[in-house]
Amino acid sequence: MGVLPSRRDNVVRTASRVLVWTIVVLISAEFLLAAYGKYGLLDSPAYGRFVDRHGWLWLHLAGGVVAIVAGPIQLLARWWWERPALHRRVGYLYFGGILTASAAAAGLIATTPAPLSIKLGFAGTALAWLATALLAMIAIHRGRVQRHRTWMLRNYAVTLAPVLFRLMLPVAIASGLAPGAALISCLLWASWLLPLVMVEVFRRLVLAATPSPYRWRTAIRQHLPWFLINLGFAGKGRDCEAHGGVHSWYNVDGATCGCYHCKVVRPGAP
């Protein structure tokens, strides 16, 4: 059994998460105000590239704003443990936004006169967005709550790709790179690959540093006969989070979810 994290470690870890999400929310809000604001007037010069594609553009913008706004609500809020039905509704709204924006992106890609490299960059982003969303949906329907949350983090990282792209483009140009098709294509790929790498680093450095303090019992139980488990050998712990760890959830009966490592059971199907 490993050494449990100290109170100072927990405070630092929590403060880091709050700081990261605060930055994400502020940058996303600025992106929505700036990028979406330029399409507020129908005679805006921003529509110059979308003269005959207003419908696709509006669908893409509508689905995108739903996903950007609903994502943090789903990932950060704790109310859904007590209101799983509401969590599912917001989740379906989030996935609906992704499907709408992705379908519209396909229409925009098919009708754009941009070079093939840029089309492939946009297509790669859309496919990564859909694939991570689909894997998150499959995981939750199989009762794999922790895997669902992991894929949701990855999916929201891809959701923020246009936000990051808007930040990287002026920086790349200011550094002396020519603003051509090659640069735009590279930045499109980087705008979702880099966040995915950052998510994986975060998971390994932060989440992996707070495993369940009772995981060793779970490992032992996997090799014990049932009669010994029923007698209480290597039983579950009291509460992972109370001892600085994290829960690993599974579907108990469709109405509740329990932790593999401790006795905590919460209402709501995962």
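Laid out as a table, the results:
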quantity	calculated
Paramagnetic reach from I23 (point 7 Å along Cα→Cβ, amide N under 16 Å) across the range 126-158	157
Residue-span extension gain [L167 to Q222] - 0.36 nm each, minus C-alpha spacing	15.0 nm
Accessible heavy-atom area order of L59, L127, highest first, probe of 1.4 Å	L127, L59
Residue-level accessible surface for F95, protein heavy atoms, 1.4 Å, Å²	30
Probe 1.4 Å, protein heavy atoms only - accessible area per residue of the range 67-174 in square angstrom	48
Zone of A181's modelled label, taken as backbone nitrogen in the range 119-160 under 11 Å from a point 7 Å along Cα→Cβ	119-120
Whole-number accessible area per residue in Å² for the range 214-270, which is evaluated in the context of all protein chains at 1.4 Å	60
Accessible-area value, W151, 1.4 Å probe, nucleic acids and ligands omitted, Å²	60
H223 accessible area, 1.4 Å probe, all protein chains in place, Å² to nearest 10	150
Cβ-Cβ FRET estimate between A34 and A255, R0 fixed at 51 Å, reported to 0.05	0.70
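The values are calculated or read from the model by the stated rules, or taken from the named source; none is laboratory data. All values derive from a computational prediction rather than experimental measurement. Neighbour counts run over all protein chains shown; Cβ positions are idealised from the backbone, glycine included. Calculation scope for accessible area: heavy atoms of the full protein, side chains included, ligands and nucleic acids excluded. Shrake-Rupley method; radii C 1.70, N 1.55, O 1.52, S 1.80 Å.
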